[in-house]
1. With the structure loaded, tell me whether residue 241 is in a strand (DSSP E or B) and either touching a residue at least 60 places away in the same chain (Cβ under 8 Å) or loosely packed, with under 15 Cβ neighbours inside 10 Å (or both) or whether it fails that test.
2. Condition first: in contact with a strand residue (DSSP E or B) (Cβ under 6 Å, 6 or more places away or on another chain) and closer than 24 Å to residue 24 by Cα. Now tell me which residues in segment 140-188 satisfy that.
3. Please find, among 184, 176, 204, the residue that is outside any loop (DSSP other than H, G, I, E, B) and in contact with a helix residue (DSSP H, G or I) (Cβ under 8 Å, 6 or more places away or on another chain).
4. Between 104, 112, which is more than 30 Å from residue 157 (Cα to Cα) and either out of contact with any helix residue (DSSP H, G or I) (no Cβ under 9 Å at 6 or more places or on another chain) or modelled with pLDDT of 95 or more (or both)?
5. Determine which single condition residue 32 fails, assuming it passes every other condition in (1) more than 13 Å from the ligand (Cβ to nearest atom); (2) assigned to a helix (DSSP H, G or I).
6. Could you give me the residue pairs with C-beta distances under 7 Å whose first residue belongs to segment 121-141 and is under 21 Å from residue 58 (Cβ atoms) and in contact (Cβ under 8 Å) with a residue 12 or more places away in the chain, whose second residue is assigned to a helix (DSSP H, G or I) and near the ligand (Cβ under 8 Å from one of its atoms) wherever it lies, and which are 6+ apart or on separate chains?
7. Exactly one condition in (1) closer than 24 Å to residue 215 by Cβ; (2) crowded, with 17+ Cβ neighbours inside 10 Å is not met by residue 70; state its number.
8. Considering only residues that are out of contact with any helix residue (DSSP H, G or I) (no Cβ under 6 Å at 6 or more places or on another chain) and near the ligand (Cβ under 8 Å from one of its atoms), look in segment 117-152 and name the one that is nearest to residue 224 (Cα to Cα).
Ligand SMILES: C[S@@+](CC[C@H](N)C(=O)[O-])C[C@H]1O[C@@H](n2cnc3c(N)ncnc32)[C@H](O)[C@@H]1O
């Protein structure tokens, strides 16, 4: 199954998607947290909490948070699973710098480590982690299957992966408002508050092109995950995908 989102790039500058994504997140890193919570009206916290409560039920001791960005999911996970050792990995130095500051402010340095690296080619041994999480990261991967296969490689047998990503509401009524918001309102707010309006056009286009629901489960299956399933969040604005490495 083709993933059209791999062709959607922030700038179309001739550089590969991965490089453009890194540059974009470096550019918007200073405003990312503020805009993230503003544009989602704070609902993203609820989605993250839902993912963490599923994760916590599996009692993982070591967790990899791929595409960790400024570390919001890693930090929240540490609050709900204080015994876990969490590793956050991200391409963007700018995003990680902000994440590291937040970790120091919360005195979580012993529990969370932030590493710069590529989810599609990770600097970890095979079978290292009990669980892997990704929030709003996989849509940005240059090669989704490679990123998910790498996640599978670094997980221990029996480990769980939880992926939070935008999907499109299945109901046409909700999808109409979802598209209206993403296509018109979000870019206006983005243009007013950020110096990189292309980032918000990219957000809309990448969400439109990204495989959701059964299409995404098929890619998880190809990457080696079993018992794949998803839970719809807020009428399908987002979904939490779950799979197991057996
Ligand atoms: C929308 S942000 C999400 C950050 C964070 N997970 C959150 O929930 O707020 C997407 C992040 O994915 C990172 N990213 C994209 N492709 C990546 C890759 N191949 N390897 C590592 N990080 C990547 C970007 O640098 C960016 O920080």
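The values are calculated or read from the model by the stated rules, or taken from the named source; none is laboratory data. Since this is a predicted model, take the numbers as computed values, not measurements. Don't worry about glycine lacking a Cβ; one is built from the backbone with ideal geometry, like all the others, and counts go over all protein chains shown.
1. Values: in a strand (DSSP E or B): yes; either touching a residue at least 60 places away in the same chain (Cβ under 8 Å) or loosely packed, with under 15 Cβ neighbours inside 10 Å (or both): yes.
Yes.
2. Passing the criteria: 151, 163, 164, 166, 167.
3. 204
4. Only one candidate passes the filter, namely 104.
5. Condition not satisfied by residue 32: (1).
6. 133/73; 135/48; 135/73; 138/147
7. (1) is the only condition that residue 70 fails.
8. Selected residue: 147.
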